[in-house]
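> Could you have a look at this structure, given as structure tokens, before my questions?
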Amino acid sequence: PGGENPPDHDLYAPGKKPFDPAAWGDAHGWDRNSTVADVRAAFNSQTLELTWSARGKIPECPPIDGISRDFFDRPQEPGPSAPGPFGPVPDEATTVKLDPR
């Protein structure tokens, strides 16, 4: 991580080892606005469907220069957005088709 695109405003799922973005940010200078939330995700490679949700504090991300549309080709709204390419992070299990063709 780091370089010209340091990680920040990210949403992390809990892993096998505890992860504290604030401590990571203090040690490395990035991820100061990231958080860990209860993320649930399952991807079906046969149907190309992602079922996901997250509960907890979801970071708001500042606009990124050059990004005007999300994964589904919807226009990027002005101002802060949800982390990632799929739009708002659902708090209940939601299934989306991720077929890029």
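The values are calculated or read from the model by the stated rules, or taken from the named source; none is laboratory data. Source: prediction; values computed, not measured. All Cβ positions, even for glycine, are placed from backbone atoms using ideal geometry, and neighbour counts span all protein chains on display. Please note that ligands, DNA and RNA were not included when accessible areas were found on the heavy atoms of the full protein model with its side chains. Shrake-Rupley method; radii C 1.70, N 1.55, O 1.52, S 1.80 Å.
> Would you mind counting up the charge near Gln76? Only other residues with Cβ under 9 Å from its Cβ, with Lys and Arg at +1 and Asp and Glu at -1.
Computed value for this residue: 0.
> Moving to a separate point now. When Cα extents along the principal axes in Å is calculated directly from the model, which label among (i) 36, 27, 24; (ii) 41, 34, 22; (iii) 39, 30, 25 fits?
Structure-derived value, by its label: (ii).
> Expressed as a whole percentage, what fraction of the accessible surface of the chain belongs to carbon and sulfur atoms when a 1.4 Å probe is rolled over the protein heavy atoms?
53
> In addition: Pairs of Cα atoms under 8 Å, at least six residues apart: use those to get the relative contact order of the chain, whole percent.
25
> May I pose another question? If you put +1 on each Lys and Arg Cβ and -1 on each Asp and Glu Cβ, how big is the dipole of the chain around its Cα centre, in Debye rounded to 20?
Once rounded to the nearest 20, the dipole reads 320 debye.
> Go ahead and run the numbers for FRET between Leu98 and Lys17, Cβ-Cβ distance against an R0 of 30 Å, rounding to 0.05.
0.60
> Could you give the accessible area per residue of the stretch 31-79, probe 1.4 Å, as a whole number in Å²?
About 72 Å² of surface per residue is accessible.
> Now for a different question. Determine the percent antiparallel among the DSSP beta bridges restricted to the chain, to the nearest 5.
85
> Within straight cross-link reach of Lys57, meaning Cα distance under 23 Å, which lysines are found once same-chain residues fewer than 8 apart are removed?
Counting by Cα, and skipping residues close in sequence, Lys57 has these lysines nearby: Lys16, Lys17.
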